[in-house]
Amino acid sequence: MMMSRGQIGRRLLGLAVVGATLAFGGAAVAEMGQPAPWEFKLQEAATPVMENITSFHNFLFWLITIITLFVLVLLIMVVVKFNAKANPVPSKTTHNTLIEVAWTLIPVLILVGIAVPSFRLLFQELDIPKADLTIKATGKQWYWSYAYPDNGKFEFDSLLAQDKKPRLLGVDNEMVVPVNKVVRIQTTGADVIHSFAIPAFGIKIDSVPGRLNETWFKATKLGMFYGQCSELCGKDHAFMPIAVRVVNDQEFATWVEGAKKKFATAPANSLASAGTAAQ
(Lines give C-alpha, C1' and ligand atoms only; values in the text may rest on other atoms or scores of the structure.)
Protein backbone atom coordinates (compact mmCIF):
# COMPACT_ATOMS: atom_id res chain seq x y z
CA MET A 1 0.00 0.00 0.00
CA MET A 2 1.51 3.28 -1.14
CA MET A 3 1.46 6.25 1.22
CA SER A 4 0.75 9.74 -0.06
CA ARG A 5 3.30 12.52 0.31
CA GLY A 6 1.14 14.04 3.05
CA GLN A 7 1.17 10.83 5.06
CA ILE A 8 4.94 10.47 4.65
CA GLY A 9 5.41 14.08 5.74
CA ARG A 10 3.21 13.61 8.80
CA ARG A 11 5.10 10.45 9.82
CA LEU A 12 8.47 12.15 9.42
CA LEU A 13 7.23 15.10 11.46
CA GLY A 14 6.00 12.72 14.15
CA LEU A 15 9.38 10.97 14.28
CA ALA A 16 11.13 14.33 14.52
CA VAL A 17 8.88 15.39 17.42
CA VAL A 18 9.51 12.10 19.24
CA GLY A 19 13.26 12.41 18.72
CA ALA A 20 13.30 15.99 19.97
CA THR A 21 11.23 15.02 23.00
CA LEU A 22 13.62 12.20 23.88
CA ALA A 23 16.65 14.42 23.38
CA PHE A 24 15.35 17.31 25.47
CA GLY A 25 13.83 14.95 28.02
CA GLY A 26 17.08 13.04 28.43
CA ALA A 27 19.02 16.23 28.89
CA ALA A 28 16.45 17.64 31.31
CA VAL A 29 16.45 14.69 33.71
CA ALA A 30 20.24 14.31 33.69
CA GLU A 31 22.10 15.02 36.89
CA MET A 32 24.54 17.88 36.92
CA GLY A 33 28.22 17.05 36.54
CA GLN A 34 27.94 13.86 34.50
CA PRO A 35 27.05 12.73 30.96
CA ALA A 36 23.39 12.40 30.02
CA PRO A 37 21.55 10.06 27.63
CA TRP A 38 20.93 11.70 24.26
CA GLU A 39 23.04 14.66 25.33
CA PHE A 40 23.67 17.04 22.44
CA LYS A 41 25.20 20.01 24.26
CA LEU A 42 27.97 20.76 26.72
CA GLN A 43 27.54 19.74 30.33
CA GLU A 44 26.03 22.34 32.63
CA ALA A 45 28.72 24.78 33.75
CA ALA A 46 29.84 24.67 37.39
CA THR A 47 32.71 27.18 37.18
CA PRO A 48 33.17 30.68 35.70
CA VAL A 49 35.65 29.28 33.16
CA MET A 50 33.15 26.71 31.91
CA GLU A 51 30.45 29.37 31.68
CA ASN A 52 32.72 31.37 29.37
CA ILE A 53 33.61 28.27 27.36
CA THR A 54 29.90 27.57 26.86
CA SER A 55 29.22 31.18 25.82
CA PHE A 56 32.11 31.13 23.35
CA HIS A 57 30.95 27.78 21.96
CA ASN A 58 27.40 29.10 21.43
CA PHE A 59 28.73 32.27 19.79
CA LEU A 60 30.82 30.23 17.34
CA PHE A 61 27.92 27.86 16.63
CA TRP A 62 25.60 30.66 15.53
CA LEU A 63 28.36 32.44 13.63
CA ILE A 64 29.25 29.27 11.70
CA THR A 65 25.55 28.61 11.04
CA ILE A 66 25.04 32.09 9.58
CA ILE A 67 28.16 31.78 7.38
CA THR A 68 27.09 28.33 6.15
CA LEU A 69 23.59 29.53 5.26
CA PHE A 70 25.04 32.58 3.49
CA VAL A 71 27.34 30.42 1.37
CA LEU A 72 24.45 28.04 0.63
CA VAL A 73 22.31 30.94 -0.60
CA LEU A 74 25.16 32.10 -2.86
CA LEU A 75 25.55 28.61 -4.31
CA ILE A 76 21.83 28.31 -4.99
CA MET A 77 21.83 31.74 -6.69
CA VAL A 78 24.74 30.68 -8.89
CA VAL A 79 23.07 27.40 -9.85
CA VAL A 80 19.70 29.00 -10.61
CA LYS A 81 20.74 32.32 -12.14
CA PHE A 82 23.95 31.44 -13.96
CA ASN A 83 23.33 28.01 -15.46
CA ALA A 84 23.68 27.58 -19.23
CA LYS A 85 19.93 27.57 -19.83
CA ALA A 86 19.13 30.73 -17.85
CA ASN A 87 22.28 32.57 -18.93
CA PRO A 88 23.36 31.34 -22.40
CA VAL A 89 25.73 34.28 -22.91
CA PRO A 90 27.97 34.45 -19.85
CA SER A 91 29.51 37.67 -18.65
CA LYS A 92 33.20 38.25 -19.38
CA THR A 93 33.77 40.31 -16.24
CA THR A 94 37.09 39.32 -14.67
CA HIS A 95 37.51 41.83 -11.83
CA ASN A 96 35.27 43.68 -9.40
CA THR A 97 37.16 45.87 -6.94
CA LEU A 98 34.30 46.18 -4.45
CA ILE A 99 33.68 42.43 -4.26
CA GLU A 100 37.39 41.61 -3.98
CA VAL A 101 37.85 44.10 -1.13
CA ALA A 102 34.72 42.79 0.60
CA TRP A 103 35.65 39.10 0.43
CA THR A 104 39.08 39.97 1.85
CA LEU A 105 38.05 42.44 4.55
CA ILE A 106 34.93 40.73 5.89
CA PRO A 107 36.67 37.39 6.73
CA VAL A 108 39.47 39.35 8.45
CA LEU A 109 36.92 41.18 10.59
CA ILE A 110 35.18 37.90 11.41
CA LEU A 111 38.48 36.32 12.49
CA VAL A 112 39.29 39.34 14.68
CA GLY A 113 35.83 39.05 16.24
CA ILE A 114 36.60 35.40 17.04
CA ALA A 115 40.17 36.06 18.22
CA VAL A 116 39.32 38.65 20.88
CA PRO A 117 37.04 36.45 23.05
CA SER A 118 39.24 33.43 22.27
CA PHE A 119 42.40 35.09 23.64
CA ARG A 120 40.44 36.41 26.61
CA LEU A 121 39.24 32.88 27.42
CA LEU A 122 42.72 31.38 27.01
CA PHE A 123 44.16 34.00 29.35
CA GLN A 124 41.48 33.23 31.95
CA GLU A 125 42.28 29.50 31.75
CA LEU A 126 46.05 29.92 31.95
CA ASP A 127 46.34 32.79 34.45
CA ILE A 128 45.97 31.00 37.79
CA PRO A 129 44.69 33.34 40.53
CA LYS A 130 45.83 33.15 44.13
CA ALA A 131 44.77 29.70 45.26
CA ASP A 132 42.79 28.90 48.40
CA LEU A 133 43.67 25.22 48.08
CA THR A 134 46.28 23.20 46.18
CA ILE A 135 45.76 19.57 45.17
CA LYS A 136 48.30 17.39 43.41
CA ALA A 137 46.75 14.81 41.08
CA THR A 138 49.04 12.00 39.91
CA GLY A 139 47.91 9.77 37.07
CA LYS A 140 48.87 6.12 37.36
CA GLN A 141 48.01 2.93 35.49
CA TRP A 142 45.10 3.01 36.01
CA TYR A 143 43.88 5.24 38.80
CA TRP A 144 44.49 8.67 40.35
CA SER A 145 46.31 9.67 43.53
CA TYR A 146 45.47 12.95 45.26
CA ALA A 147 47.66 14.86 47.72
CA TYR A 148 46.58 17.86 49.83
CA PRO A 149 49.86 19.67 50.72
CA ASP A 150 48.01 22.64 52.28
CA ASN A 151 45.93 20.48 54.62
CA GLY A 152 48.27 18.08 56.38
CA LYS A 153 50.11 16.59 53.38
CA PHE A 154 48.02 13.41 53.32
CA GLU A 155 47.62 11.42 50.11
CA PHE A 156 45.15 8.82 48.91
CA ASP A 157 44.27 6.80 45.84
CA SER A 158 41.01 7.00 43.92
CA LEU A 159 40.04 3.82 42.07
CA LEU A 160 37.01 2.83 40.04
CA ALA A 161 34.26 1.38 42.27
CA GLN A 162 32.20 -1.18 40.38
CA ASP A 163 29.34 -1.00 42.89
CA LYS A 164 28.85 2.77 42.65
CA LYS A 165 26.81 4.87 40.28
CA PRO A 166 27.12 6.33 37.74
CA ARG A 167 28.59 3.34 35.95
CA LEU A 168 32.33 3.62 35.23
CA LEU A 169 32.47 7.00 37.01
CA GLY A 170 31.99 6.13 40.68
CA VAL A 171 35.16 5.82 42.79
CA ASP A 172 36.08 4.56 46.25
CA ASN A 173 37.71 7.82 47.42
CA GLU A 174 36.50 11.10 45.92
CA MET A 175 38.43 14.33 45.66
CA VAL A 176 36.70 16.78 48.01
CA VAL A 177 36.89 20.57 47.55
CA PRO A 178 35.12 23.56 49.12
CA VAL A 179 32.62 25.60 47.14
CA ASN A 180 33.49 29.09 45.87
CA LYS A 181 37.22 28.59 46.50
CA VAL A 182 40.03 28.78 43.97
CA VAL A 183 41.53 25.29 43.68
CA ARG A 184 44.90 24.92 41.98
CA ILE A 185 45.47 21.51 40.42
CA GLN A 186 49.06 20.37 39.98
CA THR A 187 49.24 17.21 37.95
CA THR A 188 51.86 14.77 36.73
CA GLY A 189 52.09 11.20 35.50
CA ALA A 190 53.79 8.37 37.39
CA ASP A 191 54.26 6.10 34.37
CA VAL A 192 52.81 7.30 31.06
CA ILE A 193 50.96 10.40 29.88
CA HIS A 194 47.47 10.73 31.35
CA SER A 195 45.05 13.66 31.12
CA PHE A 196 43.07 15.22 33.97
CA ALA A 197 39.70 16.38 32.63
CA ILE A 198 36.41 17.45 34.24
CA PRO A 199 33.93 18.75 31.63
CA ALA A 200 31.65 20.68 34.03
CA PHE A 201 34.67 22.58 35.37
CA GLY A 202 36.07 23.35 31.93
CA ILE A 203 39.49 21.86 32.68
CA LYS A 204 41.60 19.38 30.72
CA ILE A 205 45.36 19.15 31.13
CA ASP A 206 47.93 16.46 30.42
CA SER A 207 49.63 14.63 33.28
CA VAL A 208 53.15 14.08 31.94
CA PRO A 209 55.83 12.04 33.73
CA GLY A 210 58.68 14.27 34.87
CA ARG A 211 56.66 17.45 34.41
CA LEU A 212 54.32 19.35 36.74
CA ASN A 213 51.44 21.01 34.90
CA GLU A 214 48.96 23.38 36.52
CA THR A 215 45.36 24.39 36.03
CA TRP A 216 42.62 25.74 38.28
CA PHE A 217 38.90 25.88 38.90
CA LYS A 218 36.42 27.58 41.21
CA ALA A 219 33.34 25.44 41.69
CA THR A 220 30.26 27.57 42.30
CA LYS A 221 27.78 24.72 42.77
CA LEU A 222 27.53 21.96 45.36
CA GLY A 223 27.36 18.33 44.30
CA MET A 224 29.24 15.57 42.53
CA PHE A 225 31.15 16.18 39.32
CA TYR A 226 32.79 13.54 37.17
CA GLY A 227 35.53 13.34 34.59
CA GLN A 228 37.90 10.75 33.14
CA CYS A 229 41.43 10.35 31.92
CA SER A 230 41.35 11.81 28.41
CA GLU A 231 44.67 10.51 27.10
CA LEU A 232 45.00 6.96 25.78
CA CYS A 233 47.21 5.48 28.51
CA GLY A 234 46.90 1.69 28.25
CA LYS A 235 44.47 -1.20 28.39
CA ASP A 236 42.45 0.15 31.35
CA HIS A 237 42.35 3.73 30.12
CA ALA A 238 38.54 3.66 30.17
CA PHE A 239 38.48 2.68 33.85
CA MET A 240 40.21 5.56 35.63
CA PRO A 241 37.46 8.09 36.39
CA ILE A 242 37.73 11.37 38.27
CA ALA A 243 35.12 12.16 40.91
CA VAL A 244 35.01 15.52 42.70
CA ARG A 245 32.63 16.28 45.56
CA VAL A 246 32.01 20.00 46.16
CA VAL A 247 30.94 20.79 49.73
CA ASN A 248 30.57 23.84 51.96
CA ASP A 249 33.43 25.10 54.13
CA GLN A 250 32.27 23.36 57.30
CA GLU A 251 31.87 20.00 55.58
CA PHE A 252 35.28 20.39 53.97
CA ALA A 253 36.97 21.12 57.32
CA THR A 254 35.29 18.05 58.82
CA TRP A 255 36.35 15.90 55.87
CA VAL A 256 39.97 17.10 56.13
CA GLU A 257 40.16 16.13 59.80
CA GLY A 258 38.77 12.69 58.99
CA ALA A 259 41.05 12.27 55.97
CA LYS A 260 44.15 13.05 58.05
CA LYS A 261 43.34 10.11 60.30
CA LYS A 262 42.05 7.80 57.60
CA PHE A 263 44.98 8.16 55.23
CA ALA A 264 47.78 8.83 57.74
CA THR A 265 48.09 5.13 58.56
CA ALA A 266 48.46 4.20 54.88
CA PRO A 267 50.71 6.81 53.21
CA ALA A 268 51.51 4.41 50.37
CA ASN A 269 48.95 3.86 47.67
CA SER A 270 46.16 1.40 48.25
CA LEU A 271 47.36 -0.93 45.47
CA ALA A 272 50.77 -1.23 47.10
CA SER A 273 49.13 -1.86 50.44
CA ALA A 274 46.96 -4.58 48.93
CA GLY A 275 50.03 -6.18 47.38
CA THR A 276 51.86 -6.18 50.70
CA ALA A 277 48.90 -7.75 52.47
CA ALA A 278 48.70 -10.50 49.84
CA GLN A 279 52.32 -11.57 50.41
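The values are calculated or read from the model by the stated rules, or taken from the named source; none is laboratory data. In this text the structure is predicted, and so the values were computed from the model without any measurement. In this analysis, Cβ positions are derived from the backbone assuming ideal geometry, glycine residues included, and neighbour counts consider all displayed protein chains. Heavy atoms of the whole protein, side chains included, go into the accessibility calculation; ligands, DNA and RNA do not. Shrake-Rupley method; radii C 1.70, N 1.55, O 1.52, S 1.80 Å.
Numerical summary
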| read-out | value |
| --- | --- |
| Surface per residue (accessible, 1.4 Å probe) for segment 100-257, Å² | 50 Å² |
| Highest-first arrangement of 65-74, 145-154, where packing means the average Cβ count within 10 Å | 145-154, 65-74 |
| Distance-filtered residues of segment 47-91 - backbone nitrogen under 12 Å, label point 7 angstrom along Thr220 Cα→Cβ | 47-55 |
| Gained length - Val80 relative to Glu31, 0.36 nm times residue gap less alpha-carbon distance | 12.7 nm |
| ³J(HN,Hα) computed for each position of segment 240-247 - Karplus, 6.51 cos²θ - 1.76 cosθ + 1.60, integer Hz, glycine/proline x | 10, x, 10, 10, 10, 9, 9, 10 |
| Amide H within-cut-off set for Ile203, under 5 Å, with H built and near neighbours excluded | Ile198 |
| Pairwise FRET efficiency - Arg120 versus Lys153, Cβ, R0 = 45 Å, nearest 0.05 | 0.80 |
| Nitroxide proxy distance, nm - points 7 Å out along Cα→Cβ at Lys235 and Leu42 | 3.7 nm |
| FRET efficiency, 1/(1 + (r/R0)^6) with R0 25 Å, evaluated for Ile193 and Asn248 via beta carbons | 0.10 |
| Inter-label distance for Leu69 and Ile128, nm, one decimal - labels placed 7 Å from Cα along Cα-to-Cβ | 4.4 nm |
| Between segment 194-217 and segment 86-126, the alpha-carbon center distance in angstrom | 35 Å |
| Pairwise FRET efficiency - Arg211 versus Leu105, Cβ, R0 = 35 Å, nearest 0.05 | 0.20 |
